[in-house]
Amino acid sequence: MAGSNPFQNLQKELNVNGETFHYFDIASFEEFKELPYSIRVLLESAVRNCDNFQVLEKDVRGILSWKSTKSVKTDTELEIPFKPARVILQDFTGVPAVVDFAAMRDAVLKLGGDPDKINPICPSDLVIDHSVQVDFARAPDALTKNQDLEFERNKERFTFLKWGAKAFNNMLIIPPGSGIVHQVNLEYLARVVFQDDSKSKDGVKMLYPDSVVGTDSHTTMINGLGVVGWGVGGIEAEAVMLGQAISMLLPEVIGYKLVGKLNPLVTSTDLVLTITKHLRQIGVVGKFVEFFGPGVSELSIADRATISNMCPEYGATVGYFPIDQNALDYLRQTNRADDKVQVIEAYLKATTQLRNFSDASQDPVFTQIVELDLNSVVTSVSGPKRPHDRVSVSEMQKDFRECLTNKVGFKGFAVPDAELLAEGSFSWTDGKTYSLKHGSVVIAAITSCTNTSNPSVMLGAGLLAKKAVAAGLKVAPYIKTSLSPGSGVVTYYLKESGVVPALEELGFHVVGYGCMTCIGNSGPLDDNIANTIEKNNLVCCGVLSGNRNFEGRIHPNTRANYLASPLLVIAYALAGTVDIDFEKEPIGTSPDGSKVFLRDIWPTRQEIQAVEKQHVIPAMFRDVYAKVEMGSPSWQGLNAPTGKLYPWDDVSTYIKHPPFFEGMTRDLPTLGNIVNARALLNLGDSVTTDHISPAGSIARNSPAARYLSSRGLTPREFNSYGSRRGNDAVMARGTFANIRLVNKLVSGPGPRTLHIPSGEEMDVFDCAERYVNEGTPLIAIVGKDYGSGSSRDWAAKGPYLLGIKAVIAESYERIHRSNLVGMAIVPLQYLEGQNADSVGLTGKELFSIAFPENLKPHDKITVETDTGIKFQVIVRFDTEVDLEYYRNGGILNYMIRKMIS
């Protein structure tokens, strides 16, 4: 049972403006001053929450020993608990979290417990940033049409969430149409330092650093404001909401030193793409990256947030910028109350956590230091299939042409020489005929993912648009252009600065606030365009200011997709192709016939900063966020059910009682060995959660479509997988439904696999269902970096519902491995240097895996096959807590048993 805090003597008082606060003086530890600032946050959480039950005194000592165990690369692994200050949920993952909470209440009631105990213990912010497909990209009233359609399609889901806001304590919901979760977090929700009286006996507020875990991998964006936070699976987030500490390994911390200044023509996007490639090459998976050096002071908080947002793309757990005076100024700029900012500043100074990046004496110890001269950064894009494949714009034409002829891979399409000049034409609604070639841009989207928190690149795009319009340039009408800001503040300052008319003139109308093109919600291309691309086998392109461009993610008809700054999105839209050398070739021609080059319309950093200083002011943030929690009239008009238990509707195709707790008992289940299992899939390297978890539109010939059709829905009513994440029947059928999935058990790409006993090729879901009916357990065989990409709980829940008991991989992305454990799927890893090919697997064998009774983290066990092949694997339960979740049949089952014990 929990005991008293052995570090209670460290609690001190702080007086600010006549008010008294309490805090834990972690700076009094001798080891403190050499700890990285990110580790100091972990330390404070452990000290404050130390009860010698969930958090032990030895855990605190372990964090204090960081210098001796992690300041050099060692094999020492130290497990520590971490209790974040809060949880943030994105709508896509927030719906299943609330669904699970509602179902857990039912399960607790059935097992004789008190369902009211299923309530968030730590504060939970849920931002409904769901979006529709960008069907109305160029319509003047695109935003209104999309929002109307959003409520038409998702009324049931929104009603359910509104019920959840009333039913569960300590949960704040930001209604739809407010902005993308990460930008709302940055501009409004982040506390930076909590001023908490919820646990106080005497009414005195406790001060402690804000920290957060979120159900989207880009939760790291908040690291730019000095808040330690990262993405976890929805499953793990739910446990944290219920008061469970996260079990993690004490990380190495890579010190990333920034020096110099950015070139005036370079953007923060160029910087982040450079850093992403650099850190991927270094290898920072599972590590913290902490930025320091005098160059950090040259970056705005929005610049830093852009870099931190891309943290999953370079693979680190966090990309952290300690809090400095710029961060405090940002809080004031975004209309945080000045008296609260004064308290934040006083607390940070009292605990030696306010950073001066120009003072090298404050530099802590790091595991490794790498350096980047900001002046070396050049204008860049990344692609055509991965975010860390950076290409200098000056080399873009050459690189793209090489990609065309390279063999199929991350940098290749294997277009035959005879087809390199392929071209197709089509008629458009303006009566003109247009042609497409390899490299033609058909989608150009300024998306809400990475850049729209950053006024410099958004206003830069607006200024570029103004200059382009003044020069008489136009974007071809068939190119699908869109602008989805991250919050209402962006729209506000774009209007105030006078750039909106030019953006709209080029087709960049505001279409909504939320995840759109970057998540695959770009909507359909016109049939004439799609048919021309397919008929001529063209490698056409999408250009977007997002953070993900994995194959098949953006649109089925854009085989090449490039991440770029909002300015370059407009530039490539104007050019109509990525097959261009901007230095030598004009971007277009003015009405008088003169050539216009990109350099003629590109704004300088100084021009942009002058407009930003004039128009991005606190009043905007005050006006936008003063009414954000009220929502639109449509939200206010929703009549949600009342009561602690949700009244499940058996005919609903959106909200369904999940099967995860069916047959659950108070006692632990008996976990046996895996005997005579079949491989449902045999996959290669870099299989992302986009390949595993359903996202985007529901194909009309898919198992999910057949299910919805059987429930009386027409194709126009299918909506997207994201909108149906509260229905396990749809999501299970969409698992491994990506058209770009390459399964070695079948001949071509797509969501198909082989039923090995019969030799019949089938849809993945249908095959899994057949195996389950036959009583055959399933495994998956995969390569390196399994589960990279967005942190999706359904990338683990889906395989669980398909009957997959274990995965054998060369390596795992951090969040996905944790999610697999959370669903009691065993993550197994080949020994170093081995893979399916080297041990001789075809995927058609029968597999048997025996687990010892005293199984421990990272044990080596043997996999046997019916063909005589035997090989050892490492059990990737990384902590004792992982094992406990597995023994309980998953993390949520563990929490239910804990609640009723």
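The values are calculated or read from the model by the stated rules, or taken from the named source; none is laboratory data. Only a predicted model underlies this, so the values are computations on that prediction, with no experimental measurement involved. Heads up, the Cβs are rebuilt from the backbone with ideal geometry, glycines too, and the neighbour counts pull from every protein chain shown. Calculation scope for accessible area: heavy atoms of the full protein, side chains included, ligands and nucleic acids excluded. Shrake-Rupley method; radii C 1.70, N 1.55, O 1.52, S 1.80 Å.
Quick notes on this structure:
- Asp417 vs. criteria over 21 Å from Val543 (Cα atoms) and not hydroxyl-bearing (Ser, Thr, Tyr): yes
- Residues that are charged (D, E, K, R) and buried (at least 24 other Cβ atoms within 10 Å of the Cβ) were ranked within the stretch 722-741; the one that is farthest from Asp793 (Cα to Cα) is Arg733.
A quick yes/no check of all residues on (1) open to solvent by 10 Å² or more (accessible area, probe 1.4 Å); (2) assigned to a loop (DSSP other than H, G, I, E, B):
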{"position": "Glu504", "(1), (2)": "yes, no"}
{"position": "Phe508", "(1), (2)": "no, yes"}
{"position": "Gly512", "(1), (2)": "no, yes"}
{"position": "Ile533", "(1), (2)": "no, no"}
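- Test: Glu252 is open to solvent by 10 Å² or more (accessible area, probe 1.4 Å) and touching a residue at least 40 places away in the same chain (Cβ under 8 Å): yes
- Some residue of the stretch 50-59 being of a type in the set (S, T, N, Q) and touching a Phe, Trp or Tyr at 6+ places or on another chain (Cβ under 7 Å): no
- Total residues in the stretch 582-611, condition farther than 16 Å from Gln397 by Cα and in a loop (DSSP other than H, G, I, E, B): 8
- Selection of the stretch 410-433 for residues being outside any helix (DSSP H, G or I), without any contact (Cβ under 8 Å) to a residue 12 or more places away in the chain and at negative phi yields Gly412, Pro416, Lys432, Thr433.
- Taken over the stretch 862-901, the criterion of being of a type in the set (S, T, N, Q), open to solvent by less than 30 Å² (accessible area, probe 1.4 Å) and either without any contact (Cβ under 8 Å) to a residue 40 or more places away in the chain or under 17 Å from Glu832 (Cα atoms) (or both) is satisfied by Thr865 alone.
- Checking every residue in the stretch 677-689 against the condition of being part of a helix (DSSP H, G or I), out of contact with any Phe, Trp or Tyr (no Cβ under 7 Å at 6 or more places or on another chain) and closer than 28 Å to Phe410 by Cα gives at least one match.
- Within the stretch 815-848, the set of residues being part of a helix (DSSP H, G or I) and surrounded by 23 or more Cβ atoms within 10 Å (Cβ to Cβ) comprises Ile815, His816, Arg817, Ser818, Asn819, Leu820, Val821, Gly822.
- For the residues Val266, Val259, the requirement of being at pLDDT 95 or above and β-branched (Val, Ile, Thr) singles out Val259.
- Every residue from the stretch 514-529 that is modelled with pLDDT of 90 or more and open to solvent by 10 Å² or more (accessible area, probe 1.4 Å): Leu525, Asp526, Asp527, Asn528
- Among residues of the stretch 783-799 that are touching a residue at least 12 places away in the same chain (Cβ under 8 Å) and surrounded by fewer than 24 Cβ atoms within 10 Å (Cβ to Cβ), those with a Cβ under 8 angstrom from a residue that is among the aliphatic types (A, V, I, L, M) and in a loop (DSSP other than H, G, I, E, B), sequence gap 6+ or separate chain, pair up as Gly783/Val687; Asp785/Val687.
- Listing of strands (runs of 3 or more DSSP E) fully contained in the stretch 326-401 that carry 1 or more residues being among the acidic types (Asp, Glu) and either open to solvent by 40 Å² or more (accessible area, probe 1.4 Å) or closer than 30 Å to Gly542 by Cβ (or both): 368-373
- Gly542 being part of a loop (DSSP other than H, G, I, E, B), open to solvent by less than 20 Å² (accessible area, probe 1.4 Å) and out of contact with any helix residue (DSSP H, G or I) (no Cβ under 7 Å at 6 or more places or on another chain): no
- Residues being farther than 10 Å from Val99 by Cβ and touching a His at 6+ places or on another chain (Cβ under 8 Å) - total across the stretch 648-662: 0
- Identity of the residue in the stretch 24-33, of a type in the set (A, V, I, L, M, F, W, C) and assigned to a helix (DSSP H, G or I), that ends up most open to solvent (accessible area, probe 1.4 Å): Ala27
- Qualifying residue in the stretch 230-239 (condition: open to solvent by less than 10 Å² (accessible area, probe 1.4 Å), in contact with an Asp or Glu (Cβ under 6 Å, 6 or more places away or on another chain), at pLDDT 85 or above and closer than 28 Å to Pro485 by Cα): yes
- Hits in the stretch 335-350 (condition: polar (S, T, N, Q) and at negative phi): Gln342
- For the stretch 288-316, a residue qualifies if it is within 17 Å of the chain's Cα centre (by Cα) and open to solvent by 10 Å² or more (accessible area, probe 1.4 Å), and exactly one does: Pro312.
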